[in-house]
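The values are calculated or read from the model by the stated rules, or taken from the named source; none is laboratory data. It should be emphasised that the depicted structure is a prediction, and the values quoted were computed from it without experimental measurement. Every residue, glycine as well, gets a Cβ built from its backbone with ideal geometry; the counts of neighbours run over all protein chains shown.
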Amino acid sequence: MSKVEFYRHQLGKDETAAWLKTIETLFLTLGPEVAAFEKELGEYLVRDRENSTGPLTAPPYVIGTNSCSMGLILALKAVGLEAGDEVITTSMTFVSTVNAILHLGAKPVLVDVERGTGLIDPTAVLAAITPRTKGILPVHLYGQLADMRALRKIANAYSLFIVEDSAHGFEMERDSVRPGDLSDCAVFSFYATKNITSGDGGAITTRNQSVSERLRRLRNHGVSKAATDRKKSSYEHWDAVEIGYKANLTDLDASLLRIQLPKAEEKRQQRARLADRYRAMLTQEIPGIELNEKRGQSANHLFTIHSPPQNPLHPKIWGAKRDALLIALGIAEIGTAVNYRAVHTLSYLIDILKMPRGSLPNAEDIGDRTISLPMYPTLTDRDQERVIDSIVSAWPRLE
Ligand SMILES: *Cc1c(COP(=O)(O)O)cnc(C)c1O
């Protein structure tokens, strides 16, 4: 029996052909493919809204980046974050989220998550506001939107910015809200394991024109000119108007993403079907198993289960039962991942944040018990059944 991989990208012949076509053109980076992808992602985010009056119908500005990590740094800078400012965010995320704040010399203020979903808890956000708070950085964990309506109200009341870490998808919707609808910026990832991918890549959306112009400069060393301006007949000088980064998307990558975007909804539905199957089989085979609660339409980026609760006699071996299950699944040749151990329990953040165990009980509990199962459109029903069988046979030894 071959291994059930944790993840398989979905790039095939169409993507290869698009990539080869781009190689034969003049521009490999910051050219027409990047511009076209930016336009198409913007249109995707307002799809099926032409005739509605409530939600936003005009596409946002989109700025392609080389990663979500760099996109977060650019977005925080473009909305005015400065050294010493505080940003409220979640511990249930990839370190990238917190690092973006730290790289700008600002202070991440980590608050707890909702027990059922792992999403940032708006009540905890409200309680963490100080005179130095400048913004909120929610993470749409596993592909489910955080409670953006509640966060928007808080941001309005205290004049805070919101930058969304939307690395886990662009396909989600909750209470008619999509990523970027209620924030200053939303940032997306096209890393190798994300829903669409170019190996590495990202994008930022914003509805603020001056922020969008600043983002375009910041991704290219603060230079006030695009590569395609070279098309003009004679050379023209460019200026650098502020210090920026090298963080743009390339045309080769954009050409891969453009092919995947129209297939994204179909792939999301395929993942949703797999998630429903996981849910049905697990609740039947393991009565009482804790699964992540649903909120709105998920992008179904990851599917997680919680191992049985920690044995109170061994409180010092955090995550022991989960780790035992990871080992059992590894031996059964099932690929797994952990998304995430609460970031405030990681070494360098213990040093920086000084948040002891017990500071964020929900994030810590999820962080000690969560396992991500294989989830991608080409995962077969048989492989999925193998995943379930392996969990079911390991479970009695954990309890
Ligand atoms: C993947 C991921 C990132 C970083 O994305 P990159 O494109 O790899 O920089 C940030 N936040 C979350 C929640 C992620 O899952």
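When the residues of segment 4-34 are filtered to those that are of a type in the set (Val, Ile, Thr), surrounded by 12 or more Cβ atoms within 10 Å (Cβ to Cβ) and outside any loop (DSSP other than H, G, I, E, B), which remaining residue is farthest from the chain's Cα centre (by Cα)?
Step by step, filter segment 4-34, then rank; the result is 22.
Please determine, by comparing only the residues of segment 299-312 that are in a loop (DSSP other than H, G, I, E, B) and within 16 Å of the ligand (Cβ to nearest atom), which one is nearest to the chain's Cα centre (by Cα). Lay out the reasoning, then the answer.
Restricting attention to segment 299-312, the residues satisfying the condition of being in a loop (DSSP other than H, G, I, E, B) are 299-302, 307-312.
Next, from what is left, pick out any that are within 16 Å of the ligand (Cβ to nearest atom): 299-302.
Working: 299: 10, 300: 11, 301: 9, 302: 10 Å.
For segment 299-312, the residue satisfying everything is 301.
Could you check segment 65-161 for helices (runs of 4 or more DSSP H) lying wholly inside it with 3 or more residues that are away from the ligand (no atom under 16 Å from the Cβ)? Reasoning before the result, please.
Values: elements: 68-78, 95-103, 122-127, 148-158.
Where helices (runs of 4 or more DSSP H) fall fully within segment 65-161 and carry at least 3 residues being away from the ligand (no atom under 16 Å from the Cβ), they are 122-127, 148-158.
Answer yes or no as to whether residue 188 is on the phi < 0 side of the Ramachandran plot, surrounded by 24 or more Cβ atoms within 10 Å (Cβ to Cβ) and of a type in the set (Phe, Trp, Tyr).
Judged against the criteria, residue 188 is a match.
Find the residue count for segment 164-192, including only residues that are part of a loop (DSSP other than H, G, I, E, B), within 22 Å of residue 295 (Cβ to Cβ) and either within 8 Å of the ligand (Cβ to nearest atom) or of a type in the set (A, V, I, L, M, F, W, C) (or both).
Matching residues across segment 164-192 total 5.
So if I check each of 84, 105, 80, 71, which one is surrounded by 21 or more Cβ atoms within 10 Å (Cβ to Cβ) and over 20 Å from residue 174 (Cα atoms)?
Numbers: 84 fails: surrounded by 21 or more Cβ atoms within 10 Å (Cβ to Cβ); 105 fails: surrounded by 21 or more Cβ atoms within 10 Å (Cβ to Cβ); 80 fails: surrounded by 21 or more Cβ atoms within 10 Å (Cβ to Cβ).
That would be 71, the only listed residue that is surrounded by 21 or more Cβ atoms within 10 Å (Cβ to Cβ) and over 20 Å from residue 174 (Cα atoms).
Only residues in segment 305-328 that are more than 23 Å from residue 388 (Cβ to Cβ) count as the first member; pair them with residues that are modelled with pLDDT of 95 or more and assigned to a helix (DSSP H, G or I), Cβ under 8 angstrom, at least 6 apart or cross-chain, and list the lot.
Pairs found: 310/365; 310/368; 310/369; 318/345; 318/364; 318/368.
Does residue 366 count as more than 16 Å from the ligand (Cβ to nearest atom) and at pLDDT 95 or above?
no
Does segment 272-279 include one or more residues that are more than 16 Å from residue 194 (Cβ to Cβ), modelled with pLDDT of 95 or more and assigned to a loop (DSSP other than H, G, I, E, B)?
Within segment 272-279 (the criterion being more than 16 Å from residue 194 (Cβ to Cβ), modelled with pLDDT of 95 or more and assigned to a loop (DSSP other than H, G, I, E, B)), the answer is no, since none of the residues qualifies.
Tally the residues that are over 16 Å from residue 367 (Cβ atoms) and modelled with pLDDT under 95, restricting the search to segment 300-323.
We begin by selecting, within segment 300-323, every residue over 16 Å from residue 367 (Cβ atoms); these are 300-301, 303, 311-314.
Applying the additional criterion that residues be modelled with pLDDT under 95 yields 311-314.
Count: 4.
List every residue pair whose Cβ atoms sit under 6 Å apart, with the two residues 6 or more apart in sequence or on different chains, where the first one lies in segment 64-85 and is free of Cβ contacts under 8 Å to residues at least 60 places away in the same chain and more than 16 Å from residue 38 (Cβ to Cβ) and the second, anywhere, is away from the ligand (no atom under 12 Å from the Cβ) and of a type in the set (A, V, I, L, M).
Hits for this filter: 85/106.
Looking at segment 334-354, which of its residues are buried (at least 17 other Cβ atoms within 10 Å of the Cβ), farther than 29 Å from residue 3 by Cβ and more than 16 Å from the ligand (Cβ to nearest atom)?
Of everything in segment 334-354, those that are buried (at least 17 other Cβ atoms within 10 Å of the Cβ), farther than 29 Å from residue 3 by Cβ and more than 16 Å from the ligand (Cβ to nearest atom) turn out to be 345, 353.
Here is a list of conditions, (1) out of contact with any Phe, Trp or Tyr (no Cβ under 9 Å at 6 or more places or on another chain); (2) under 25 Å from residue 120 (Cα atoms), and residue 305 meets all of them except one; can you say which number that is?
Answer for residue 305: the failing condition is (1).
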